[in-house]
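Chemist: Here it is: the structure, laid out below.
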Amino acid sequence: MNWSIVGWVVIALSALLLVICSLLGKKLDFYSLRRSSSAAGLMKAQITAIERGQPRLVAIGDQFWSRAYPGLGLHTLTSLPMLADSENVMDGGLSVAGGDGSLLVLAHQIVQNGYVNGFSMELSKPRMSAILPGPTQLSFSVGLLSELGLQKYGSIALFGNYGPAAILWTEAVQSKGGYAFAAAGSLPSQAALLFSVRDLMIGESVFSMSGLLSSNLADQARWLTEDILRVLLIFSLVAGVIMKLTGVL
């Protein structure tokens, strides 16, 4: 069996299903089976912190690129528009911290340049703080802990590429009664946060955060395609086992 041909067939089938699902989905909730209590808890905590006048912190990782997890640092920027919308930034309590200058510049541009849902940023400039606690992983962690110790943060949300030091950041907020959320894409961060953060997202859910926070037609078409491929894979494995047991293969 030529496995390269099988791989190209799977890629072609995925692309075809994605196109079909995108064409079939004409209304916003045509396939809204993805729900996340962790994402809902994050949005609720953000609102609660705003009502209490508490600052919020969004940490977007300490690396823009890594060989072990390529694209993880850049992907975190897709969730930032939902977390830094007009309602969240206008009170001036939202801060975004990153350990890489280029990553922080991109995050700042995402918030500064936008016209979303009839709201023009030119009418009222957002007052979001962009923090660079340190240019390296260790200095970022130390600087972020210092920042968290200066005031009582109502919530902290972790995204992007970061390591086990994240448990120190979440503990600094939770020890003062704050809320902690983490989308842990790296294995070290998952292991460190597994028993200390209630709203923890791991695996493929990390790359679905933007859709879980605010889904659109593209997200729902992608989810439907993924589920169809999963079902086909399950049936293929079962059929392969049956044919192996009966001597066909």
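Chemist: May I ask you to list the residues in region 148-160 that are at pLDDT 90 or above and either assigned to a strand (DSSP E or B) or over 22 Å from GLU51 (Cβ atoms) (or both)?
Modeler: Within region 148-160, SER155, ILE156, ALA157, LEU158, PHE159 meet the criteria.
Chemist: Of all residues in region 163-177 being in a loop (DSSP other than H, G, I, E, B) and closer than 22 Å to GLN137 by Cβ, which is nearest to the chain's Cα centre (by Cα)? Break it down into steps so the answer makes sense when it comes.
Modeler: Here is the first cut: in region 163-177, the residues in a loop (DSSP other than H, G, I, E, B) are 163-165, 175-177.
Now drop any that are not closer than 22 Å to GLN137 by Cβ, which leaves 163-165.
Values: GLY163: 16, PRO164: 17, ALA165: 18 Å.
Once the filter is applied, the top-ranked residue is GLY163.
Chemist: To continue, here is another question. Got a number for residues in region 165-195 being in contact with a Ser or Thr (Cβ under 6 Å, 6 or more places away or on another chain) and surrounded by fewer than 16 Cβ atoms within 10 Å (Cβ to Cβ)?
Modeler: So the answer is 0.
Chemist: Spot the failing condition for ALA221; the list is (1) in a helix (DSSP H, G or I); (2) touching a residue at least 60 places away in the same chain (Cβ under 8 Å); (3) under 18 Å from the mean Cα position of the chain (by Cα), and only one is missed.
Modeler: Looking at each condition in turn, ALA221 falls short on (3).
Chemist: Same structure again: Looking for something surrounded by 13 or more Cβ atoms within 10 Å (Cβ to Cβ), in a helix (DSSP H, G or I), in the same structural domain as HIS108 (by TED's automatic domain parsing) and modelled with pLDDT of 85 or more - is there at least one such residue anywhere in region 50-67?
Modeler: Of region 50-67, the ones surrounded by 13 or more Cβ atoms within 10 Å (Cβ to Cβ) are 50, 54-66.
Narrowing the set further to residues that are in a helix (DSSP H, G or I) leaves 50.
From the residues that got through so far, the ones that are in the same structural domain as HIS108 (by TED's automatic domain parsing) too are 50.
Narrowing the set further to residues that are modelled with pLDDT of 85 or more leaves 50.
The answer is yes, given that some residue of region 50-67 is surrounded by 13 or more Cβ atoms within 10 Å (Cβ to Cβ), in a helix (DSSP H, G or I), in the same structural domain as HIS108 (by TED's automatic domain parsing) and modelled with pLDDT of 85 or more.
Chemist: Mind telling me which of the residues ALA180, ALA192 ends up being over 30 Å from CYS21 (Cα atoms), outside any helix (DSSP H, G or I) and aliphatic (A, V, I, L, M)? First the steps, then the outcome.
Modeler: Numbers: ALA192 fails: outside any helix (DSSP H, G or I).
The conditions single out ALA180.
Chemist: Out of (1) more than 17 Å from the chain's Cα centre (by Cα); (2) under 22 Å from GLN174 (Cα atoms), what's the single condition that is false for ALA45?
Modeler: Failed condition: (1).
Chemist: Could you tell me whether GLY185 is more than 21 Å from LEU148 (Cβ to Cβ), in contact (Cβ under 8 Å) with a residue 60 or more places away in the chain, of a type outside the set (A, V, I, L, M) and touching an Asp or Glu at 6+ places or on another chain (Cβ under 7 Å)?
Modeler: Details: more than 21 Å from LEU148 (Cβ to Cβ): yes; in contact (Cβ under 8 Å) with a residue 60 or more places away in the chain: yes; of a type outside the set (A, V, I, L, M): yes; touching an Asp or Glu at 6+ places or on another chain (Cβ under 7 Å): no.
No.
Chemist: Cβ-Cβ distance below 6 Å, separation of 6 or more or different chains: which pairs start in region 26-44 with a residue that is of a type in the set (D, E, K, R) and end on one that is at pLDDT 70 or above?
Modeler: ARG34/TRP223
The values are calculated or read from the model by the stated rules, or taken from the named source; none is laboratory data. Since the model is a prediction, treat every value here as computed from it, not as a measurement. Ideal geometry is used to build each Cβ from the backbone, glycine not excepted, and the neighbour counts take in all protein chains shown.
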